[in-house]
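The values are calculated or read from the model by the stated rules, or taken from the named source; none is laboratory data. The shown structure was predicted, so the numbers you read here are calculated from the model rather than taken from an experiment. Note: ideal-geometry Cβ built from the backbone for every residue, glycine included; neighbour counts use all protein chains shown.
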Amino acid sequence: MRHAVIRSLLPRGARALAILPQAPTLTSKDLWIEGRLKLRIERAERATQARVVELSARPKFSSISTVGEVLDSYGAKRGVLRVDDRVAAFYRLGRLAKVSAHASTSPVTVDPRFQIVNDDMLSIAPRLRARQVSNVLQAAAYIQLRNPALLSAVCKRGVHRIDDFGIRDVVSCVYSLGRYSATRDANYK
């Protein structure tokens, strides 16, 4: 009875006026546009993922062939570089910008981008492992780096890690320190 009263109050066909979920009526053009939009979204998502991977990937400094590329790559990836990567970059710079033991210093040492690398080496010196100590010393010797603070910090770390040094590390350190002539550099006695 109650339902009958309610039905009598509603206008005729009121049920048809109710908003009910209905399947959309899409034309073939609408479906084509929807497909194109889905493809664009998928491409954008893939591009975004590729960019994230590219930005977070650590560079392989040993495969870089110029000083400028090493410095640019170091600057671009500085936020994601680990200690190993920073040492590898410094060592690669040493190999690429190597000068004679009788030269004053390598031109790379005056590049402002190199100063960032140099400062980073000084800040990570207390965390270096034995092989990293020898690599940093060797790179510094290759470019005849005149930075007593860095050399002192790296040598102190070497003293702390002396038990971990292998033959290659000892030879590398002796060679590197031998490139600094005591007669030319009173700072390194």
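For the reader, a short list of remarks on this structure follows.
- Selection count, segment 31-83, where residues are assigned to a helix (DSSP H, G or I), among the basic types (Lys, Arg) and either at pLDDT 85 or above or in contact with an Asp or Glu (Cβ under 6 Å, 6 or more places away or on another chain) (or both): 7
Residue by residue, here is whether (1) closer than 28 Å to Pro59 by Cα; (2) at pLDDT below 90 holds:
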residue	(1), (2)
Leu93	yes, no
Leu96	yes, no
Pro107	yes, yes
Pro126	yes, no
Leu137	yes, no
Arg157	yes, no
Gly166	yes, no
Ser172	yes, no
Arg179	no, yes
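- Residue list for segment 120-152, restricted to those being touching a Gly at 6+ places or on another chain (Cβ under 8 Å) and within 11 Å of Phe90 (Cα to Cα): Leu137, Gln138, Ala139, Ala140, Tyr142, Ile143
- Segment 36-57 residues that are touching a residue at least 12 places away in the same chain (Cβ under 8 Å) and closer than 21 Å to Asp85 by Cβ, paired with ones that are surrounded by 10 or more Cβ atoms within 10 Å (Cβ to Cβ) and not acidic (Asp, Glu) (beta carbon under 6 Å, 6 or more apart): Ser56/Val80
- Flag if Asp84 is among the acidic types (Asp, Glu), under 27 Å from Ile64 (Cβ atoms) and either surrounded by fewer than 22 Cβ atoms within 10 Å (Cβ to Cβ) or more than 22 Å from the chain's Cα centre (by Cα) (or both): yes
- Here Ser106, Ser134 are screened, and the one residue that is in contact (Cβ under 8 Å) with a residue 12 or more places away in the chain, in contact with a Cys (Cβ under 8 Å, 6 or more places away or on another chain) and small (Gly, Ala, Ser) is Ser134.
- Test for Ala149: is it hydrophobic (A, V, I, L, M, F, W, C), surrounded by 22 or more Cβ atoms within 10 Å (Cβ to Cβ) and within 26 Å of the chain's Cα centre (by Cα): no
- Exactly one residue out of Leu137, Leu55 is more than 16 Å from the chain's Cα centre (by Cα) and of a type in the set (A, V, I, L, M), and it is Leu137.
- In segment 152-173, residue farthest from Ser106 (Cα to Cα) [restricted to those that are among the small types (Gly, Ala, Ser) and surrounded by fewer than 17 Cβ atoms within 10 Å (Cβ to Cβ)]: Gly166
- Which numbered condition Tyr142 misses (of (1) surrounded by 18 or more Cβ atoms within 10 Å (Cβ to Cβ); (2) more than 20 Å from Tyr180 (Cα to Cα)): (2)
- Checked against (1) touching an Asp or Glu at 6+ places or on another chain (Cβ under 6 Å); (2) surrounded by 20 or more Cβ atoms within 10 Å (Cβ to Cβ), Ser106 meets all criteria but (1).
- The residue that is nearest to Leu122 (Cα to Cα), counting only those in segment 61-74 that are loosely packed, with under 13 Cβ neighbours inside 10 Å and in contact (Cβ under 8 Å) with a residue 24 or more places away in the chain, is Ser62.
- The lone exception for Gln115 - which of (1) in contact with a Leu (Cβ under 9 Å, 6 or more places away or on another chain); (2) at pLDDT 90 or above; (3) closer than 30 Å to Val174 by Cβ it fails: (1)
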